[in-house]
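Structure record follows, encoded as structure tokens.
The values are calculated or read from the model by the stated rules, or taken from the named source; none is laboratory data. Fair warning: this is a prediction, and the values are worked out from it, not measured in the lab. In this analysis, Cβ positions are derived from the backbone assuming ideal geometry, glycine residues included, and neighbour counts consider all displayed protein chains. We work out accessible area using only protein heavy atoms, side chains counted, and drop any ligands, DNA or RNA first. Shrake-Rupley method; radii C 1.70, N 1.55, O 1.52, S 1.80 Å.
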Amino acid sequence: MDEQLSALARAHGIATWYENADRHRVTVADDVVRAILDELDATGTPPPPKAKVVTEGPDTPPLGYHQLDDGRELIVTPRRLPPVPPAWGWMLQLYALHSPGSWGIGDFADLREFTQRSGAGVVLVNPVQAITPALPVRRSPYSPSSRRFANPIYLRVTETEEFHRADAETRERVARMAPEHAELVDYDAVWIAKLDALALLFPGTTEPMADDLRDFATFCALAERHGGDWRTWPAELRHPEGPAVARARTELADRVAFHAWLQRLCQKQLADVRAATDAKIVHDLPVGVDPAGADAWALQDVIASNVRVGAPPDAFSQQGQDWNLPPLRPDRLAATGYKPFRDVIRSVLAHADGIRVDHIAGLFRLWWIPPGRPASEGTYVYYDADAMLGILALEAHLAGAMVVGEDLGTVPEEVTDAMHERGVLSSSVLYFERDYDKPGEPLLPPKDWAVDAMASISTHDLPTTAGFLRAENVRVRAELGLVEDVDGEYARAAEAKTEMLAALREHGLLPQDPTEDDLVVALHRLLATAASRLLLTSPQDALGVARQPNLPGTVDEYPNWRIALPVGVEGLLADPKVRAAIEALSDARPSGVSPL
């Protein structure tokens, strides 16, 4: 590569080569590097950062944010977060819960009821960040319209103060709007019903709002009128600071006030969840946002709007992965003192005792895909990991919260090492934990897993316990035409099951002539032997549900993020399999939280 181009790339944190999953060096094409430089408007040295981020020491001011005489900010971050107390808990897909009072989707009241009654010490909730209020509703919780605001689709309409103050006729009209429970969540029907009901209850008052809430509510009002993708709006409305947007905000004042009110309702019900339980509520943070959504519109000056984030080619995705999420620009982050990142972390922790950061390696580097190119033709762009991880730790310290990082898959060792040095928990999954120092790389006994970790049997992107035992993942993907060597996939699934049964036998946990239900419980008992601080299961794993919540590589071919649990909250916690599974975990990690 031309030395001048290479030097410019280095100055802007753009990788000119990387190590792939097989640990082979891959050189990035010159034109890819130039395309990324173009997206960063990079012609010279990046602008100086607005903030200096340091780790606490003998000569530093107290932890926090300090203004310097030269106009910059000094951010003093903690060396290490306090240890996370051992506990067992749940990983919840909130939409999948249901009860007699929920309207076709799990809601914040279901979450409150579940956390009150489960006896768990920790409850991890899928991302509940905002959607764009336009049809069709985006289903994936990992591609929100905004990471700074909440999703009103999870509101329990009948628990708002406005519902209780309404007259009998209005309450009856609202009650008749409730969609019925179904095996698959119909997001559009739920959203229409809740929107209509809440519009009926809206008091019509306008309250003062901060600039970021004003911009978000304005986006929602504009999306209702012009469609869910701001990039197709009239040109004069495509930037939040334009004079046409100010005029539209006045014209749409009632709808702006309505969407701001919905956010206040969300904050109230989220606060109620946390106040109602001693369990630690951990909220999940997606790696990015919908490029058509509110944050991509409001924060476009710090987002590389034309770039998509993904992953390079590997054995599982030979063409690479395109997640269709625009990244924050590292140069603009530094120039703003990391304010957009700080705002996101604060919003998640506002009503939480912890945060799980999806793809935490993204604080170190992200795979950028230039416009018009496939996922394979990208490169890594590096961020100031010390600053990003330090600010994450500082915000957690200020909130008294724990931090968990999702570091599964191909993640450099230095990422996990840096996490542990800061007191951030890593992630351990039974299917993945192996002893790479032994021939054949056998399963690693759970007693040898990382202590500073959140451990589970599976995740939302992987087969459930029953799905693993039945090779359901292979069957579904084969039916959808997503598997080239079907016999080979079934053979590998059978080998993985045989290996897991052998691990159960070695631990004395394999029953005689076991049923599938017996094996589901046995896998939980194996998880209970893990050394990790947190032991988590999901309702899908404990119940023995065969279908996984999300099947990577599919969109509409599979009902991703739509599959409701086969039983309601009350039935879930009373199920014998579930009780046996959580007994194993609670014996290993007593939570000290008494179920109601």
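For segment 541-550: of the residues being in a loop (DSSP other than H, G, I, E, B) and touching a Leu at 6+ places or on another chain (Cβ under 8 Å), which is least open to solvent (accessible area, probe 1.4 Å)? Write out each step before concluding.
So the first thing to find is which residues in segment 541-550 are in a loop (DSSP other than H, G, I, E, B), and the list is 544-550.
Restricting the remaining residues to those that are touching a Leu at 6+ places or on another chain (Cβ under 8 Å) gives 545, 548.
Working: V545: 27, Q548: 9 Å².
It comes out as Q548.
Check D417, D461 and return the single one that is outside any strand (DSSP E or B) and either buried (at least 21 other Cβ atoms within 10 Å of the Cβ) or at pLDDT 95 or above (or both). Please lay out each step first, then the result.
Values: D461 fails: either buried (at least 21 other Cβ atoms within 10 Å of the Cβ) or at pLDDT 95 or above (or both).
Just one listed residue meets the conditions, D417.
Residue check: is L536 in contact (Cβ under 8 Å) with a residue 24 or more places away in the chain and in a strand (DSSP E or B)?
Working: in contact (Cβ under 8 Å) with a residue 24 or more places away in the chain: yes; in a strand (DSSP E or B): yes.
When the stated conditions are applied, L536 passes them.
Output the qualifying pairs, or none if there are none: Cβ atoms under 6 angstrom, residues six or more apart or on different chains, first residue in segment 149-178 and at negative phi and open to solvent by less than 40 Å² (accessible area, probe 1.4 Å), second residue charged (D, E, K, R) and at pLDDT 95 or above.
Taking only residues 6 or more apart or on different chains, the pairs are Y154/D107; R156/D107; V157/K194.
Go through segment 497-527 and count every residue that is in a helix (DSSP H, G or I) and either in contact with a helix residue (DSSP H, G or I) (Cβ under 7 Å, 6 or more places away or on another chain) or at pLDDT below 95 (or both). Quick ask: steps written out before the conclusion?
Within segment 497-527, the subset in a helix (DSSP H, G or I) is 497-506, 516-527.
Next, only the ones that are either in contact with a helix residue (DSSP H, G or I) (Cβ under 7 Å, 6 or more places away or on another chain) or at pLDDT below 95 (or both) stay: 497, 503-504, 516-517, 519-527.
So the count comes out to 14.
How many residues are assigned to a loop (DSSP other than H, G, I, E, B) and within 14 Å of L184 (Cβ to Cβ) if we restrict to segment 558-596?
Result for segment 558-596: 8.
Here is a yes/no grid of residues against (1) in contact with a Lys or Arg (Cβ under 6 Å, 6 or more places away or on another chain); (2) under 15 Å from Y382 (Cα atoms); (3) of a type in the set (A, V, I, L, M, F, W, C):
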| residue | (1), (2), (3) |
| --- | --- |
| L5 | no, no, yes |
| L8 | no, yes, yes |
| A11 | no, yes, yes |
| A15 | no, yes, yes |
| D31 | no, no, no |
| E39 | no, yes, no |
| P46 | no, yes, no |
| T55 | yes, no, no |
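Of the conditions (1) over 18 Å from the mean Cα position of the chain (by Cα); (2) closer than 25 Å to W561 by Cβ, V429 fails just one. Which one is it?
(1)
Cβ-Cβ below 9 Å, separation at least six or inter-chain, first residue in segment 57-71 and under 19 Å from L398 (Cβ atoms), second among the charged types (D, E, K, R): which pairs?
Short answer, once both residue conditions are applied: G57/R79; P62/E56; L63/E56; Y65/E73; Y65/R342; H66/E73; Q67/E73.
Starting from residues that are out of contact with any helix residue (DSSP H, G or I) (no Cβ under 9 Å at 6 or more places or on another chain) and not charged (D, E, K, R), keep the ones in segment 199-218 and report whichever is modelled with the lowest pLDDT. Spell out how you get there, then give the answer.
Within segment 199-218, the subset out of contact with any helix residue (DSSP H, G or I) (no Cβ under 9 Å at 6 or more places or on another chain) is 208, 210-211.
Retained after the next criterion (residues that are not charged (D, E, K, R)): 208, 210.
Numbers: P208: 91, A210: 95.
It comes out as P208.
Among the residues of segment 531-540, which ones are open to solvent by less than 10 Å² (accessible area, probe 1.4 Å) and more than 24 Å from the chain's Cα centre (by Cα)?
Across segment 531-540, there are no qualifying residues.
Scanning for something within 27 Å of the chain's Cα centre (by Cα) and within 23 Å of R139 (Cα to Cα), does segment 251-258 turn up at least one residue?
Yes, because at least one residue in segment 251-258 is within 27 Å of the chain's Cα centre (by Cα) and within 23 Å of R139 (Cα to Cα).
Which helices (runs of 4 or more DSSP H) sit wholly inside segment 158-254 and have at least 3 residues that are of a type in the set (S, T, N, Q) and in contact with a Leu (Cβ under 7 Å, 6 or more places away or on another chain)?
In segment 158-254, no matching helices (runs of 4 or more DSSP H) lie anywhere.
Collect the residues in segment 464-496 that are on the phi > 0 side of the Ramachandran plot and either open to solvent by less than 40 Å² (accessible area, probe 1.4 Å) or part of a helix (DSSP H, G or I) (or both), keeping them in residue-number order. Write out each step before concluding.
Of all residues in segment 464-496, those on the phi > 0 side of the Ramachandran plot come to 471, 481.
Result: A471, single match.
With R492, R533 as the choices, which residue is in contact with a strand residue (DSSP E or B) (Cβ under 8 Å, 6 or more places away or on another chain) and not hydrophobic (A, V, I, L, M, F, W, C)?
Numbers: R492 fails: in contact with a strand residue (DSSP E or B) (Cβ under 8 Å, 6 or more places away or on another chain).
Only one candidate qualifies: R533.
Checking Y142 against (1) open to solvent by less than 60 Å² (accessible area, probe 1.4 Å); (2) in a loop (DSSP other than H, G, I, E, B); (3) farther than 27 Å from G227 by Cβ, only one condition comes out false. Which one?
With respect to (1) open to solvent by less than 60 Å² (accessible area, probe 1.4 Å); (2) in a loop (DSSP other than H, G, I, E, B); (3) farther than 27 Å from G227 by Cβ, Y142 is out only on (3).
Since I36 meets every condition but one in (1) closer than 30 Å to L534 by Cα; (2) open to solvent by less than 80 Å² (accessible area, probe 1.4 Å); (3) under 27 Å from the mean Cα position of the chain (by Cα), which condition does it not meet?
Among (1) closer than 30 Å to L534 by Cα; (2) open to solvent by less than 80 Å² (accessible area, probe 1.4 Å); (3) under 27 Å from the mean Cα position of the chain (by Cα), I36 violates only (1).
Of the conditions (1) within 21 Å of A150 (Cα to Cα); (2) assigned to a loop (DSSP other than H, G, I, E, B); (3) not charged (D, E, K, R), A375 clears all except one; give me its number.
Of the numbered conditions (1) within 21 Å of A150 (Cα to Cα); (2) assigned to a loop (DSSP other than H, G, I, E, B); (3) not charged (D, E, K, R), the odd one out for A375 is (1).
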